[in-house]
Amino acid sequence: MTREQYDELSAPLVRVLLDMEDDILREIAAQLSRDGDISDTSKWRIRQLARAGRFDKRAAAIIAGYSEVEGGQAMDAVLTAAETEIGYLDNAVQAANAAGLSEYFSDIPAEESALGAAKAFRKQAASDLNLVNTVMQYKAGSAYVNAVNAIYRDTAEGRQGALDIMGKGAAKAVSGQMSLQEATRKTIRELAQKGIPAFVDKRGREWSPEAYVMMDMRSTLGNTARAAQNARCDEYGINLIELSAHLGARPKCAIDQGKIYSRDGTSGVTTDGAGNKIHFTPFSQTSYGQPDGILGINCGHVQYPFVPGINFQRYFPYPKEENDRRYMQFQQQRAMERGIRAAKRECMMLQEVGDTEGLQKASLRLRNQREKYRAYCKETGLKQHNDRTQVYGYDRSKSSKTVWAERKAKSGLDNGSGSGIMNMTTNANGTPVKIVKRTDLTGEPNSITQRENTKGGIDRNYYDGNGKQTKQVSNHDHGNPKNHPFGKNGEHAHDYSYDENGDVTRSEARNLTDEERMENGDIL
């Protein structure tokens, strides 16, 4: 199984953890928004700290509500990993046997092998999740108390108290006094960036729920799949394995990737399906077993059985300089994705406390981060991973309306009512989409509009940098399934092109690309 498959199996569990973290952060924001009209920040602080016990109970209830769902999804993911890996191997063996290329047989049913491999790792997954819930419950209470104290320290009254303690000579060193709202806004931003830790390692580093659970499940599912594969290979008598290879591999992985190894510790020469000789060495001599080694924590490599005389070597090592450059690009991309997630959480919490001004500023920062992310991916040729920037529970339509209102306020344009706010929504990527009553061939440059037509479906129209329509995506068949035989509901796209005279030509209906389906997943 590949890393992408592990992530897909882990995704439901990770979504639950992210929902849980978002609910805790939202609860913190809701608590902080209470008594916001009190001018005496000392009284505000006393009241907030008095609610700490109530918040602890709320956080515990939130975590308990998610824990049963977590356990079930983790167990299902582990068993599925074992069954999938054995299924791949059994299908390949059966095909080779049928073609007369091999004679591999096992008396043990595939289901029994899968259950045996998954048993130990299901217990490990359950234990790891219990630890995550315990740490998050403790850290949630600390985060609330720390937030209250941080807000108080940043207010004028709190800073004056510090001056009284330090003496008048320190007055010049203490500056930047804030209102209660400004201090709350600052603390929310810091909370959104940090989140609620789910794990603290031996070095004292705090891991977010997403980072830790994704890392833990990748390792657990990878170990499960390999244990299942190795057990089945033992039953068939298959000794050799091949490791995959990709650009951007970690330093230790880059040395070991793309080679043939033995599982029994022997060295020698084997042959591929064409009789070509290939050298193999013991797998025990690789970096396997080290956290940052091959098939270690967050490793994206895959182990494949290699049968002499049948298989062909499909992977080979990449040049070191090229691999190192790609690795650094991946690291930068991950950092940008984390920044976008933090910005979305900040918007979510500011919505909760009702800070319109703060939300407006945060929304603009989010838009800038998204634009930089898209530009970086385009420049480096990396695939955009919008799934890694999602914040479940974040009301993106509210944020996009704020961005649009800010943009229109600066340009002095509105929808004719004088409000300065367009009727807006967003697509699945969080990109603003203007809702219109009719479709035009011209529109605002680099924009998207959306119209509900008479058949009840939705059409989305895309405009280029010159304001000309270039594409239309529809989530239905316009009542004519014969001309739109695509997808589940006849969803399709039309492309628009222009000749030298500016005359437009609309293409025949076509199927949506994977990227278009992802981008418009909210209406499909």
Inset, instruction - Quickly run through the range 31-42 and pick out the residues that are modelled with pLDDT of 80 or more and either exposed (fewer than 15 other Cβ atoms within 10 Å of the Cβ) or part of a loop (DSSP other than H, G, I, E, B) (or both). - result: none
Legend entry - Neighbours by Cβ (under 7 Å, 6+ apart or cross-chain): first from the range 60-84, more than 21 Å from ALA140 (Cα to Cα); second at pLDDT below 85 and among the β-branched types (Val, Ile, Thr): GLN73/VAL16
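So that you can scan it fast, the table gives a plain yes or no per residue for (1) in contact with a strand residue (DSSP E or B) (Cβ under 9 Å, 6 or more places away or on another chain); (2) more than 28 Å from ILE28 (Cβ to Cβ); (3) modelled with pLDDT under 75:
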| position | (1), (2), (3) |
| --- | --- |
| ALA335 | no, no, no |
| ARG341 | no, no, no |
| GLY358 | no, no, no |
| ASP395 | no, no, yes |
| LYS401 | yes, no, yes |
| GLY416 | no, yes, yes |
| ILE421 | no, yes, yes |
| VAL433 | yes, yes, no |
Legend entry - Boolean, ASP459 is at pLDDT 85 or above, of a type outside the set (Val, Ile, Thr) and either within 19 Å of THR425 (Cα to Cα) or assigned by TED's automatic domain parsing to the domain that holds LEU441 (or both): yes
Legend entry - Any chance GLU190 is surrounded by fewer than 22 Cβ atoms within 10 Å (Cβ to Cβ), at pLDDT 80 or above, touching a Phe, Trp or Tyr at 6+ places or on another chain (Cβ under 8 Å) and closer than 23 Å to PHE55 by Cβ: no
Legend entry - ASP90 vs. criteria of a type in the set (Asp, Glu), touching a strand residue (DSSP E or B) at 6+ places or on another chain (Cβ under 8 Å), surrounded by 14 or more Cβ atoms within 10 Å (Cβ to Cβ) and in the same structural domain as VAL213 (by TED's automatic domain parsing): no
Inset, instruction - Run down ARG370, ARG338, ARG334, ARG325 and say which single residue is over 30 Å from ILE255 (Cβ atoms), of a type in the set (Lys, Arg) and under 24 Å from the mean Cα position of the chain (by Cα). - result: ARG370
Inset, instruction - Test GLU4 against the criterion of being out of contact with any helix residue (DSSP H, G or I) (no Cβ under 9 Å at 6 or more places or on another chain), of a type outside the set (A, V, I, L, M) and at pLDDT below 80, and give yes or no. - result: yes
Legend entry - Answer from ASP216, ASP264, ASP272, ASP234 - the residue that is of a type in the set (D, E, K, R), within 24 Å of VAL78 (Cβ to Cβ) and either in the same structural domain as GLY300 (by TED's automatic domain parsing) or surrounded by fewer than 18 Cβ atoms within 10 Å (Cβ to Cβ) (or both): ASP234
Inset, instruction - Might you check whether a residue that is modelled with pLDDT of 80 or more, more than 30 Å from ALA92 (Cβ to Cβ), crowded, with 17+ Cβ neighbours inside 10 Å and aromatic (Phe, Trp, Tyr) occurs anywhere in the range 152-166? - result: no
Legend entry - Condition check for GLY309: part of a loop (DSSP other than H, G, I, E, B), more than 28 Å from GLU242 (Cβ to Cβ), at pLDDT below 90 and not aliphatic (A, V, I, L, M): no
Inset, instruction - State all residues of the range 197-218 that are within 26 Å of ALA117 (Cβ to Cβ) and either over 17 Å from the mean Cα position of the chain (by Cα) or of a type in the set (Asp, Glu) (or both); if no residue qualifies, say none. - result: PHE199, ASP216
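Okay, residues lined up against (1) in the same structural domain as SER447 (by TED's automatic domain parsing); (2) modelled with pLDDT under 85; (3) part of a helix (DSSP H, G or I); (4) over 30 Å from ILE238 (Cα atoms):
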{"site": "GLN313", "(1), (2), (3), (4)": "no, yes, no, no"}
{"site": "LYS344", "(1), (2), (3), (4)": "no, no, yes, yes"}
{"site": "GLU352", "(1), (2), (3), (4)": "no, yes, yes, yes"}
{"site": "LEU366", "(1), (2), (3), (4)": "no, no, yes, yes"}
Inset, instruction - Give just the number: which of (1) in contact with a Lys or Arg (Cβ under 7 Å, 6 or more places away or on another chain); (2) loosely packed, with under 15 Cβ neighbours inside 10 Å does VAL391 not satisfy? - result: (2)
Inset, instruction - Just name the residue that is modelled with the highest pLDDT out of those in the range 82-107 that are among the small types (Gly, Ala, Ser), in a loop (DSSP other than H, G, I, E, B) and over 28 Å from ARG3 (Cβ atoms). - result: GLY100
Inset, instruction - May I ask you to list the residues in the range 277-306 that are on the phi > 0 side of the Ramachandran plot, surrounded by fewer than 21 Cβ atoms within 10 Å (Cβ to Cβ) and touching a residue at least 40 places away in the same chain (Cβ under 8 Å)? - result: ASN298
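The values are calculated or read from the model by the stated rules, or taken from the named source; none is laboratory data. These numbers were taken from a predicted model, which means no experiment stands behind them. So basically every Cβ, Gly included, is an ideal-geometry build from the backbone, and we count neighbours across all protein chains shown.
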